[in-house]
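Below: one structure, written as structure tokens.
Any read-out appearing in this document is the output of simple, stated calculations on the displayed coordinates, not a laboratory observation. Just so it is clear, the model here is predicted, and its values are computed rather than measured. Every residue, glycine as well, gets a Cβ built from its backbone with ideal geometry; the counts of neighbours run over all protein chains shown.
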Amino acid sequence: MPKNVRGKNKGDMEKFYKISNHIAKEYSLSLLNWAYHKLGDRNRAEDLAQEALLQIFAAVKKACDKGEMIESEERLVWKIAHYVWCHYLRQKTHLDKLVFVEAPEAEDESDFVREFADAQEREELKCALRKYIARLDFLQREILISFYLDRCLQSEIAERLKISVGMVKWHLFETRKKLRKELEFVMETGRDQDYVYRPKQLRMGICGQAVAQLDTKKFEESLVRQNICIACYEEPKNLDEMAGMLGIPKAYLEFDLRWLVEKEFVTEKEGRYSTSFLISTKEEQFGYYEIYYKLRRELSARIIDELCAAEGKLREIGFYGSDAPMEKLLWLLIYRFENYFLQKKENWVGSANAPVRPDGGRYFPLGFVREEVGVKAQLADFVKRLKAQNLGGEPGKFIEDVFNWSYNGSMNSDNFYWFGLYDFGISEIENLIDEFTPYWEHLHFMLCTILHSDFDISWIGEDRKDQLAQLVEKGFVRIEGNKAFPNFVIFTEEQYKKLIDEIFEPLAQNIESAYNKLKAEFERYYTDHIPAHLAEYRELKVNSALGDMAWITTIFAFEDGKLLAPENHLEREFLTLMYLLR
């Protein structure tokens, strides 16, 4: 062996013996007291303390072999002692539950000890970084998070915060000086999205039957409740972990946590808390938009083309509103076809399967993370990915429309059917359908009466004319002489049956193969994108994505120039409203 290698090994061994002897002398008694405090038994405490020393010596040996410095012996000793204690508890739990047919092979845990110590140090750095960032003022904190975590351009940050680009650069320089060590760590290890530097917001929706006083509305009033659920979504957390992640003292978390458990938004098991409903993020949504885009020609384009080709049959049915231009009728037809098609499918998880909630409603809560900052960078990456696949079309236009259009899902009540495109949760159509207040209940009754009286309003007395005026003002009807003509489509039962038999059913058979492919893609996607403790909701998530088929198809139809571009909010709200005369 060459002299320099032999000398290096000798020096390393001398260093190892020196450090080990010092640790044994300084910490043996402390480790024994620590172990006795944990176990309350002298013999088992000696075994535990001895195991801790062995693992500490193994870590020291590895560091010396690599020529690495041990900056703090005390930190190393107690980190590894903590690991040994956790490992002891884990082994004890496993042995209590398992019976081994053969004795398991002993493992060399020195590598894991070092990894554990490194992981602990990383956690301390993250914790320190969170505390430092929390102490920054709003402007510095927002600039720092937007630049490093959201990957925003400095010009974007300046525009949003209404300051100059030079001011953005100055704040970044000043905060970097303060946080240099911690920021270097974050930049080396990539984006740290597991920790809430900026509180996020959840927009809540439901799948099922609502009530007047939804708990989801009270949930949205509390930023703390929203971020508890975000923190506990991917995997269960205890109170200490939540307090560390959110930067909120435990005493302030406990009240909201109790409320969340009581209202069944969170479940508790052995001191660990898990979010009990599905949460969607922009990143996850991009994934299922991509699936729709890949199958655009096989599915959505075929629905659009075949509905347009059936225009002659459609007008022969003779329903009220059949004289409207096809570019207007197609809005409703796409939605109604999807509704018919999906209701045919077996094992459809919808509102009929929803549980009764503590507020009296029967629904599944659905959360959507509001991500307004950093979305441009995500959009750019997504569009670039679609273009690289040579799928055709204009991915940028598609994704722009996805985020510009909102909708309120499908609703029906008392023969009204509506797909609330554009106006999420604010349309007066929703108020009329739900009849939550006496005011809307009276308008609902008045409108139904008009529809069943062949639109004749001559029977209306003076005491009811105000209700008619309200319906006109809100865009539900228009008055011509003694007639109140609805601003939406009306089918008789016979006419609607013809629509299904002559147009919808042949189309349903023609897209069956493409639909099965779409469903299989979603099943694979959500197997990987739903947390383990929420696996039972995978089918609900798949069906929720499939339920967007009409919405996505209307976007494709709009891009192809097949749909009317509404000029005002009244026109667009009534595009998908339909009434079925029974």
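Observations on the model:
- Here the 3J(HN,Hα) profile of segment 526-540, calculated from phi with Karplus coefficients 6.51, -1.76 and 1.60 at θ = phi - 60°, is 7, 4, 8, 10, 10, x, 4, 6, 10, 4, 5, 9, 4, 5, 4 Hz, Gly and Pro shown as x.
- Using θ = phi - 60° and Karplus 6.51 cos²θ - 1.76 cosθ + 1.60, couplings along segment 507-518 (whole Hz; Gly, Pro as x): 5, 4, 5, 6, 9, 4, 5, 5, 5, 4, 5, 4
- Percent breakdown of C-alpha pair distances by 5 Å bin, ordered from the shortest bin, for segment 468-507: 6, 21, 17, 13, 11, 13, 11, 7, 1
- Note that segment 480-488 has calculated 3J(HN,Hα) couplings of 9, x, 9, 10, 10, 8, x, 9, 8 Hz, one per residue in order, obtained from phi through the Karplus relation 6.51 cos²θ - 1.76 cosθ + 1.60 (θ = phi - 60°); glycine and proline are x.
- Highest to lowest packing among 280-291, 443-454, scored as the average C-beta count within 10 Å: 280-291, 443-454
- Computed about the Cα centre, the dipole magnitude for segment 436-582 is approximately 120 debye when only Lys and Arg (+1) and Asp and Glu (-1) carry charge, each at its Cβ.
- Listed peptides 315-325, 542-552, 206-216, 45-55 appear in the order 542-552, 45-55, 206-216, 315-325 once ranked by packing, highest mean of other Cβ atoms within 10 Å at the front.
- By average C-beta atoms within 10 angstrom, highest first, the peptides 307-313, 427-433, 461-467: 427-433, 307-313, 461-467
- Segment 261-309 and segment 450-467 have Cα centres separated by 44 Å.
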